[in-house]
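A short worksheet on the structure shown next.
The values are calculated or read from the model by the stated rules, or taken from the named source; none is laboratory data. No experiment lies behind these values; they were computed from the predicted model shown. We place every Cβ from the backbone using ideal geometry, glycine too, and count neighbours over all the protein chains shown. To get the accessible areas, we keep the full protein, side chains included, count just its heavy atoms, and leave off ligands, DNA and RNA. Shrake-Rupley method; radii C 1.70, N 1.55, O 1.52, S 1.80 Å.
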Amino acid sequence: MNNENIGTLRRASAQKMLFSADYTLSMHKQAVFIGDVHGRHHWQSVVKTWLDHADLIVFLGDYLDTHDPRMTSERINANFRAIIKLKQQHPDKIRLHLGNHDFYYFYNNPLYIGSGYREDIADEWHDLLQKNRDLFRLASRFDQTLASHAGFTNWWIKQFQHTYEKKMRHPLDMNDLVPALNTCLKTVSPDQFTNLIATVGLKRGGFSPSGGPIWCDQRELQADPLVGFNQTVGHTPQQGGRYTQTLASGGEWLTFNDLGESLITQPFVLLYENAD
């Protein structure tokens, strides 16, 4: 692993982007991020390279569906099952986030279904996701960096806070945001929280100012990123086989990891101290 290939985010008020040469690697843990899978096997090279070296390998969701007409449901299914098996074999080193295409099948609710939905295998994927529901999450936090499939805008977080406080009858501490979000997946049937998670913004054909953490478009995230947090996401394809980054006006770094059809030549590697 070449130090100049490891991008890092400093947990400081300036939110300055540095490279690992500015750190003593032995003092920090490493999380490696894999964007949208959609049946492709490009994740395997990342796992082969990093499994014995990184502290965490983080999948950002969208294991299922594809817009590639050559990709069969059987191939997507086998690939997804291999990722689940990897998580079962390395429960403390692999994190699996849900994307919008996985959320279709998690509840199999018609209100959550979008493009690419595969009715021929929907019941099987629903059963597989429900059987392994404890293996999946919506979000992770690494110091001041949030990881999710699509990201969090200030607008969406305000909606979530309002819904949370109305039900729980106490304010949501932002330090508890990630546990509160992941608890939503324990809901057996769709409710006000899962409806909010499935919110689709204007840029993706919805009616809200922005999408939720599985649907937020890159343009929505760049226009209104959650204040005070860097974010690393998938969802919007990037070009060139490597992650891209933008610096928001408030100083938040946004890292985009969906590499589309490209091979992963350079995954994003985050140095961190504490993870939630």
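Please work out which residue is farthest from the chain's Cα centre (by Cα), limiting yourself to the range 256-276 and to residues that are of a type outside the set (A, V, I, L, M, F, W, C), over 17 Å from residue 56 (Cα atoms) and open to solvent by less than 60 Å² (accessible area, probe 1.4 Å). Going through the qualifying residues, I end up with 262. Contact map, the range 99-113: first residue within 10 Å of residue 190 (Cβ to Cβ) and of a type in the set (Phe, Trp, Tyr), second residue open to solvent by 20 Å² or more (accessible area, probe 1.4 Å) and part of a helix (DSSP H, G or I), Cβ cut-off under 8 Å, separation 6 or more or different chains; pairs are 106/126; 106/130; 106/133; 107/126.
Residue count for the range 186-225 satisfying the condition of being assigned to a helix (DSSP H, G or I) and in contact with an Asp or Glu (Cβ under 8 Å, 6 or more places away or on another chain): 3. Which of (1) acidic (Asp, Glu); (2) more than 13 Å from the chain's Cα centre (by Cα); (3) surrounded by 15 or more Cβ atoms within 10 Å (Cβ to Cβ) does residue 217 not meet, given it meets every other one? Residue 217 satisfies all of (1) acidic (Asp, Glu); (2) more than 13 Å from the chain's Cα centre (by Cα); (3) surrounded by 15 or more Cβ atoms within 10 Å (Cβ to Cβ) except (2).
When you go through 190, 179 one by one, which is the residue that is over 18 Å from the mean Cα position of the chain (by Cα) and surrounded by fewer than 17 Cβ atoms within 10 Å (Cβ to Cβ)? Spell out the reasoning first.
Working: 179 fails: over 18 Å from the mean Cα position of the chain (by Cα).
None of the other options fit; the residue is 190.
Total residues in the range 57-84 satisfying the condition of being free of Cβ contacts under 8 Å to residues at least 40 places away in the same chain and part of a strand (DSSP E or B): the figure is 2.
Any idea how many residues of the range 192-246 are of a type in the set (Phe, Trp, Tyr) and touching a Gly at 6+ places or on another chain (Cβ under 8 Å)? Count: 2. On the stretch given as the range 165-179, residues that are at pLDDT below 95 and not charged (D, E, K, R) total 6. Can we say residue 227 is surrounded by fewer than 20 Cβ atoms within 10 Å (Cβ to Cβ), over 14 Å from the mean Cα position of the chain (by Cα) and modelled with pLDDT under 95? No, not satisfied.
Taking only the range 226-255 into account, find how many residues are within 20 Å of residue 184 (Cβ to Cβ) and either among the basic types (Lys, Arg) or in a strand (DSSP E or B) (or both).
Step one: list which residues in the range 226-255 are within 20 Å of residue 184 (Cβ to Cβ), which gives 226, 229, 231, 233-235.
In the following step, the residues that additionally are either among the basic types (Lys, Arg) or in a strand (DSSP E or B) (or both) were identified as 231, 233.
Adding up the residues that qualify gives 2.
When the range 85-126 is filtered for residues that are open to solvent by 70 Å² or more (accessible area, probe 1.4 Å), at pLDDT 95 or above and either part of a helix (DSSP H, G or I) or polar (S, T, N, Q) (or both), the ones remaining, listed by number, are 85, 88, 89, 123, 124. Of all the criteria given as (1) assigned to a helix (DSSP H, G or I); (2) open to solvent by less than 10 Å² (accessible area, probe 1.4 Å), the one not satisfied by residue 31 is (1). The residues in the range 131-163 that are in contact with a helix residue (DSSP H, G or I) (Cβ under 8 Å, 6 or more places away or on another chain), in contact (Cβ under 8 Å) with a residue 60 or more places away in the chain and open to solvent by 10 Å² or more (accessible area, probe 1.4 Å) can be counted, and the count is 1.
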